[in-house]
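Here's the structure, in structure tokens; my notes come after.
Nothing in this text is a laboratory measurement; each read-out follows from the coordinates by a stated rule. All figures in this text were calculated on a predicted structure; none of them were measured in a lab. Methodologically, a virtual Cβ is constructed for each residue, glycine included, from the backbone with ideal geometry; neighbour enumeration extends over all protein chains shown.
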2 protein chains.
Amino acid sequence: METGHTGWSPEERHLAKQAVDLAYEREVSSLITALHHKISEVSCPGDVWNLHDYLSAKRHEMDGKFDLRDSSLLFVFATLVKDGLLSVGELDGLDREKVVKITALARM
Amino acid sequence: METGHTGWSPEERHLAKQAVDLAYEREVSSLITALHHKISEVSCPGDVWNLHDYLSAKRHEMDGKFDLRDSSLLFVFATLVKDGLLSVGELDGLDREKVVKITALARM
């Protein structure tokens with residue numbers, strides 16, 4: 001498998017992008033469900049601003065969580081597996097050594 | 001009516017606080033209704049972040065809109081009247097000259 005100087009082959013990068021997109025869709029779907037629930041309980045100004053704070057924190061967290069730079073990908077996948085947004089099986093096609101590293105990092 | 005050096009008597013300040021609180025409650029109530037409507041239309045990531053942007057802008061706008069400093073109050077009341085969050089009649093008890101100024105500013 002040709003990985004070039006980055007350590008990620010074009011095929012792996014394509015697979016990585018698909019897997020990260022899938023995890024992102026799952027996280028957003030779960031966020032939308034949480035939002036429906038939270039908004040149904042909003043009844044005073046404090047609740048509204050707590051909801052805004054929640055969304056601000058979530059956006060900040062997600063901006064970092066789905067970082068597609070090659071240098072971040074192993075840690076990104078480890079976090080996504082740890083958070084239940086991806087299974088190790090969904091990383092089939094990546095270099096075996098990367099999957100072993102991701103699995104080990106996800107257990108930490 | 002004793003207004004001191006600020007131009008607002010303690011009675012007027014008390015009335016002003018009550019009126020601003022009332023307008024704030026109305027604005028929040030309308031914001032909560034808007035939130036319920038908006039969440040029902042959220043279905044993709046872009047919608048979630050648009051909702052966050054909407055809340056950020058609303059919070060920023062409201063932080064300035066309900067400023068209780070004496071120096072801001074005439075403009076604050078003019079905006080609240082203009083935005084339909086208070087009626088001029090709800091300012092009864094304020095110095096007549098202030099009500100005239102607020103009414104004029106609200107029409108601009």
note = Sequence order, segment A:34-39: Karplus ³J(HN,Hα) from phi using 6.51 cos²θ - 1.76 cosθ + 1.60, θ = phi - 60°, Hz rounded, Gly and Pro as x, gives 4, 5, 4, 5, 5, 5
ask   = Modelled label-to-label distance, B:H36 and A:K82, 7 Å Cα→beta-carbon offset: nm?
value = 4.0 nm
ask   = Got the relative contact order for chain A handy, in percent, Cα pairs under 8 Å and 6 or more residues apart?
value = 33 percent
task = May I ask you to derive the FRET efficiency for A:D53 and B:K17 from their Cβ-Cβ distance with R0 = 30 Å, giving the value to the nearest 0.05?
result = 0.70
request  = Output the pairs from A:K17/A:K98; A:K65/A:K98; A:K38/B:K82; A:K38/B:K17; B:K17/B:K65; B:K17/B:K38 with a Cα-Cα distance over 22 Å in this structure; if there are none, say none.
outcome  = A:K38/B:K82; A:K38/B:K17; B:K17/B:K38
inquiry  = Which of B:A23, B:A78, B:A57 ends up with the largest GNM mean-square fluctuation for chain B, with Cα atoms connected below 10 Å?
reply    = B:A57
remark   = B:E61 neighbourhood, Cβ < 14 Å, K/R = +1, D/E = -1, net charge -1
message = I'm a student and want to see the number: the projected area of the Cα convex hull of chain B, averaged over all directions, in nm².
response = 7.4 nm²
task = Among the trypsin sites (Lys or Arg not before Pro) in segment B:1-78, which ones are in a DSSP loop with at most 15 other Cβ atoms within 10 Å of the Cβ? Mind listing them?
result = B:R69
query = Shielding of B:59-68 by partners, i.e. mean partner chain Cβ atoms within 10 Å per residue?
reply = 1
query = Looking only at other chains, what is the average number of their beta-carbon atoms within 10 angstrom of each beta-carbon in B:28-41?
reply = 3
key: Angle between chain A longest axis and helix A:45-65 axis [Cα atoms, degrees, rounded to 10]   = 10 degrees
